[in-house]
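Below: the structure, in structure tokens.
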Amino acid sequence: MTLPEWVPNWATLVRADNPGPMTLDGTNTWVLRAPGAEACVVIDPGPLMPEHLERVAALGPVAVTLLTHGHPDHAEGAARFAEMTGSDVLAQDPKHSVGGQALIPDGEPLDLAGIRIRTFATPGHTADSVSFVIGEEAVLTGDTILGRGTTVVAWPDGALGEYLTSLERLRGLGSIPVLPGHGPVLPDASAVAGYYLQHRAERLEQVRAAVAAGASTPHEVVETVYADVDRSVWPAAELSVRAQLDYLRANGRP
């Protein structure tokens with residue numbers, strides 16, 4: 001798949017054929033390999049789709065497989081992919097790991113396939129969400145930042161307070177490319193994280209206003225705040241609303 005020229009040459013995108021309202025064009029599986037390196041690192045092998053897993057495995061040998069989080073569209077195929085490639089799978093949540101290794105702790109580098117990868121904890125979309133920072137060249141964000149639109153805070157596992165903190169961390173990375181779990185690549189992590197933070201602040205005010213106007217359930221808030229959004233994503237929007245209501249209550253804002 002052709003990528004913009006400003007995307008580092010160590011990154012290859014293999015997109016799963018699972019498009020939809022929540023997955024956009026499909027799940028992005030990223031294959032990382034420095035020029036001249038024999039092995040590669042795979043980020044998010046994706047759903048359990050044999051043709052997709054075979055396409056990714058064909059780019060091996062695979063030194064290790066890393067997961068940004070455990071949602072099925074990113075991790076369902078991980079165990080089968082491990083069988084196909086002989087690679088361990090490392091995840092923040094041990095139940096998604098294969099091979100007994102733990103994910104490298106936040107901030108500590110992992111040198112593989114000629115690439116220096118740093119785990120970057122970014123909970124909020126889910127409790128186990130992490131991003132991966134590659135030197136000062138790019139960040140792989142899973143669902144924490146998408147290539148198009150904004151993401152859901154998947155309550156009750158996800159939490160808005162943690163998500164806002166994660167966005168602030170990502171904004172602090174500066175103007176490096178974002179290689180997301182869905183959608184196109186983005187040129188500036190700081191700019192898109194700033195936009196996400198602004199969007200969340202606006203949504204919080206809209207939710208607060210809807211409750212003040214009489215909305216008494218999360219669904220009623222969705223009907224007001226997300227009235228212009230395709231109804232196919234209303235169930236996801238309701239999860240975000242529940243997370244927003246929890247956040248407002250915790251911060252003394254009814």
How large, in Å, is the range 23-121 by the Kirkwood hydrodynamic radius built from its alpha-carbon pairs? 13.4
Whole-Hz Karplus ³J(HN,Hα) for the range 3-18, in order, using 6.51 cos²θ - 1.76 cosθ + 1.60 and θ = phi - 60°, x for Gly and Pro? 10, x, 5, 7, 7, x, 6, 8, 10, 10, 9, 10, 9, 6, 8, 9
Lys and Arg at +1, Asp and Glu at -1: neighbours of residue 135 with Cβ under 15 Å from its Cβ sum to -1
Ranked highest first by the average count of other Cβ atoms within 10 Å around their residues, in what order do 108-114, 132-138 fall? 132-138, 108-114
In sequence order, what are the phi-derived ³J(HN,Hα) couplings for the range 152-168 according to the Karplus relation 6.51 cos²θ - 1.76 cosθ + 1.60 with θ = phi - 60°, rounded to whole Hz, with x for glycine and proline? 8, 8, 7, 4, x, 5, x, 9, 5, x, 5, 5, 4, 4, 5, 5, 5
Counting helices only, and only those DSSP H runs with n ≥ 4, report the 222 nm mean residue ellipticity of the chain as the sum of -39,500 (n - 2.57) divided by its residues, in deg cm²/dmol to the nearest 500. -10000 deg cm²/dmol
Euclidean distance between Cα centres, the range 78-134 to the range 174-200, Å: 21
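Read-outs throughout are calculated quantities, based only on the coordinates presented, and are distinct from any laboratory measurement. Since this is a predicted model, take the numbers as computed values, not measurements. Here the Cβ is made from the backbone with ideal geometry for all residues, glycine too, and neighbour counts use every protein chain on show.
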